[in-house]
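See below for the structure under consideration.
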């Protein structure tokens, strides 16, 4: 008996004896099925338990009985039976989800993950970018933007609000982004790289992006931290726009919370 296959059937919901009996029925090539006595003799399932085990297999749709005197048992088609098991499991899971959703939902703190290795920072940023459905706000150096370019290309055909800030010139900006890049400044050559990413105003990644260092970047869906990351990027874009004499109102307005958009416009008119 294939112990690994028995274990897989156990994980599917059968007992060990049921799994062994089912595999014994499957192995029968007589075309007539097996009696309970034959199942017990071939499988090692105790004679005192074999008929109960076969009845349980019938109840689960894994076997069926044919004839009388003696009654014989035949294994259900594996593909059909596994499909039925899958459908029953999905129905139970759907019912469980609905029941859990009906429970009171107390406020819970959003988890915060620390991402330290450089490759993990880049991989995490790429994963978040690929989940975007409404917006991507990114502040990164040219090196990290190049590392993220495959992920940015993967979502290039989506209808997203895209804003990119880069602390240095970017020869080839990714498609679809409103790009805000700073002028060349030799002093920046010694600066440590940081990365800030906000996706759908729901998740944020922010922190260091230096190879060979513990970056302690933070990934979170905590609303307050997502707001901090978004506002930091808004400030970066606004400062660059002011220095360049450009208007960033149309770019920045969708990044702000709805209740703040009108306030921001009024503040500008007062100034």
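Mean separation of Cα pairs under 8 Å and 6+ residues apart, divided by the residue count of the chain: what relative contact order is that in percent?
Details: 367 pairs, mean separation 36.2, N = 271.
Here the relative contact order equals 13 percent.
Dividing the convex hull volume of the alpha carbon atoms of the chain by its residue count gives 219 Å³ per residue. Report, in degrees rounded to the nearest 10, the 0 to 90 angle that the Cα long axis of helix 16-27 makes with the longest principal axis of the chain. Helix 16-27 sits roughly 70 degrees off the main axis of the chain. Which log10 I(q)/I(0) values does region 3-101 give at q = 0.12, 0.16 Å⁻¹ under the Debye formula, counting every alpha carbon as one identical point scatterer? Here the Debye-derived log intensity ratios amount to -0.41, -0.67. Structural descriptor for region 13-172: relative contact order 15 percent, calculated from alpha carbon pairs under 8 angstrom and at least 6 residues apart.
Only counting other Cβ atoms within 10 Å, I'd like 43, 83, 135 sorted with the fewest neighbours first.
Details: 43 21, 83 11, 135 17.
Ascending number of Cβ neighbours within 10 Å: 83, 135, 43.
Here 121, 50 are placed in order of increasing Cβ neighbour count within 10 Å, fewest first, which gives 50, 121. Kindly provide log₁₀ I(q)/I(0) values, in the same order as q = 0.17, 0.25 Å⁻¹, from the Debye equation applied to equal alpha-carbon scatterers of region 45-135. Treating every Cα as an identical point scatterer, log10 I(q)/I(0) equals -0.93, -1.17.
I'd like to know how region 159-267 sits against the 2.2 N^0.38 Å rule of thumb: what's its Cα Rg over that expected value?
Working: Rg = 14.8 Å, N = 109, 2.2 N^0.38 = 13.1 Å.
In units of the globular-protein estimate, region 159-267 measures up at 1.13.
For region 60-90 and region 1-34, what is the separation of their C-alpha centers, rounded to whole Å? Result: 11 Å between the Cα centres. Annotation for region 99-153 versus region 184-205: alpha-carbon center distance of 14 Å.
Provide 177, 73, 64 in ascending order of the number of other Cβ atoms located within 10 Å of each residue's Cβ, fewest first. Can you show the working numbers first?
On the way: 177 21, 73 26, 64 15.
Lowest count first: 64, 177, 73.
For the chain, adding -39500 (n - 2.57) for each run of n ≥ 4 DSSP H residues and dividing by the number of residues yields -15500 deg cm²/dmol at 222 nm. Here, region 119-216 has an Rg and a Dmax of 12.9, 37 Å when only alpha carbons are counted. Computed from the C-beta positions of residue 87 and residue 7, the FRET efficiency with R₀ = 30 Å rounds to 0.85.
Read the figures in this text as sums done on the coordinates, not as results from a lab. This structure is a prediction, so every number in the text was calculated from the model and none was measured. Cβ atoms come from the backbone with ideal geometry, glycine included; neighbour counts cover every protein chain shown.
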